[in-house]
Amino acid sequence: MAAQFERLSVWPDSSLKWVLVDFATDCQARGNARYVLNDSGRRPESTSALSVREDETAVTVETGVLKARIDKQQFDLFSRVWLDHDRNGTFSDEELVSRDNQSAGVSLEQINGLMASAGQGKVESFTVEAAGRYAPRWR
């Protein structure tokens, strides 16, 4: 089973105190399962190309085949999205799959017929909470 681990705290001797473990499970709702965590001493076979880059205006996430830009000033979920169709490791303008404009990507029609869009709001804070290096390959 693939998993992602994040060290949250260590003891004074540098041994692990708290570890956050993320993984997918096939346990049914209200079912029971038992999971055991052990250190086999082995590293994962491979790690993904996941990268998270942040600057003053945006966060850019790359997964290998997908690149998404998230604007910090105006909420539009993803301001731009590319798919590496030819799998050459680069994202060209021809591989842009999102609209190339500043309209809100998330909108809804209210019961009275008025439209509301995410672009009407103001981003008050923006924080990248986790930027893990290992994206699991679920089996």
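The values are calculated or read from the model by the stated rules, or taken from the named source; none is laboratory data. The model shown is predicted, which means the values in this text are computed figures rather than measured ones. Positions of Cβ are backbone-derived with ideal geometry, glycine not excepted, and every protein chain shown enters the neighbour counts.
Taking each residue of the range 28-54 that is closer than 24 Å to residue 89 by Cα and surrounded by 10 or more Cβ atoms within 10 Å (Cβ to Cβ) and looking for partners that are at pLDDT below 80 and among the small types (Gly, Ala, Ser) with beta-carbon atoms closer than 7 Å, six or more apart or interchain, yields 48/135; 50/132; 50/135; 52/131. Report yes if some residue within the range 66-79 is in contact with a helix residue (DSSP H, G or I) (Cβ under 6 Å, 6 or more places away or on another chain) and either modelled with pLDDT of 90 or more or at positive phi (or both); otherwise report no. Looking through the range 66-79, none of the residues is in contact with a helix residue (DSSP H, G or I) (Cβ under 6 Å, 6 or more places away or on another chain) and either modelled with pLDDT of 90 or more or at positive phi (or both).
Checked against (1) farther than 16 Å from residue 130 by Cβ; (2) in contact (Cβ under 8 Å) with a residue 40 or more places away in the chain; (3) in contact with a Phe, Trp or Tyr (Cβ under 8 Å, 6 or more places away or on another chain), residue 59 passes all but a single condition, namely (1). For the subset of the range 88-116 comprising residues that are modelled with pLDDT under 75 and more than 21 Å from the chain's Cα centre (by Cα), which member is nearest to residue 21 (Cα to Cα)? Per the criteria, the residue is 107.
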